[in-house]
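Structure record follows, encoded as structure tokens.
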Ligand SMILES: [Zn+2]
């Protein structure tokens, strides 16, 4: 076990308040900016144990047969993400950080993108390489040598909240992205309707896997430290609301529409480097 940084990694404030206690883990919130964080949290060695092979097979699946109908269905479930990035970029090199089995990358490849990934799981990496033929680097982003200013699109789907050092992750993203590249990212948000209504039972706390708990505001601020400007955002519909209205037969067909009026489990953003930062790429400042 290790302690989280003493000062807020986003704003530098020291004052904190308890946000929630769950399964004997404590999540605090920075009093000043609202960034949530797990403290204490698993150490480096414990992290390696946490993401052992069973992490994926127990939570998701064991790597679907690429010839199965289930695989096609799984790929369709990634389409909303592909559509989201296509609103800004229609082709190019995609790097998915925390790609898992690579289903999202397979969906991107079907749409004509060139794809590669990074993941900490040997099990998932092997599946992506051998079964899907997708080049995936095994390891943490900070430890890998990735090509500079090479990618048109970098994606982090539910990945930033897992990383012990989001600053390092963003530094790597910035150094790997082409000057006109985009970063697409989503994270669970405890400010969303699902979290607010379910609170203690909300699955987005995901202790002890989620080290950080962002809100729209803190995520935008965090990206801003690296010169990223948000150009698109999307709220997922609220599954709590959808389920609630879906139980009423007459309203069932409208449940999804109603649920869209509420903020959901996560927030998704697309950001790109602003012109000023592109011109001064070396002047990176951030608070540790
Ligand atoms: Zn703060």
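Brief remarks on what is shown
- Gain upon complete extension [residue 31, residue 69; 0.36 nm per residue less C-alpha separation]: 8.8 nm
- Most tightly packed first, judged by the mean number of other beta-carbon atoms within 10 Å of their residues, the peptides 43-50, 158-165 read 158-165, 43-50.
- Ranked by the mean number of other Cβ atoms within 10 Å of their residues, highest first, the peptides 119-130, 99-110, 145-156 fall in the order 99-110, 119-130, 145-156.
- Overall form of the chain per C-alpha gyration tensor (a/c, 1.5; a/b vs b/c): rounded
- Highest-first arrangement of 216-228, 72-84, where packing means the average Cβ count within 10 Å: 216-228, 72-84
- Two-site FRET efficiency, residue 17 against residue 80, from Cβ-Cβ distance with R₀ of 45 Å, rounded to 0.05: 0.85
- Using a Förster distance of 30 Å, the FRET efficiency for residue 62-residue 257 (Cβ separation, nearest 0.05): 0.30
- Under the simplified labelling scheme, the residue 87-residue 1 pair shows an inter-label distance of 4.2 nm, with each label point 7 Å from Cα along Cα→Cβ.
- Mean separation of Cα contacts under 8 Å (6+ apart) over length of the stretch 74-159, as relative contact order %: 33
- Relative contact order [Cα under 8 Å, 6+ residues apart], the stretch 95-210, whole percent: 22
- Average Cα contact separation per residue, the chain, under 8 Å, 6 or more apart, as relative contact order %: 16
- Beta bridges assigned by DSSP with both partners in the chain are antiparallel in approximately 60 percent of cases.
Read the figures in this text as sums done on the coordinates, not as results from a lab. Please read these numbers as outputs of a predicted model, since none were measured by experiment. Every residue, glycine as well, gets a Cβ built from its backbone with ideal geometry; the counts of neighbours run over all protein chains shown.
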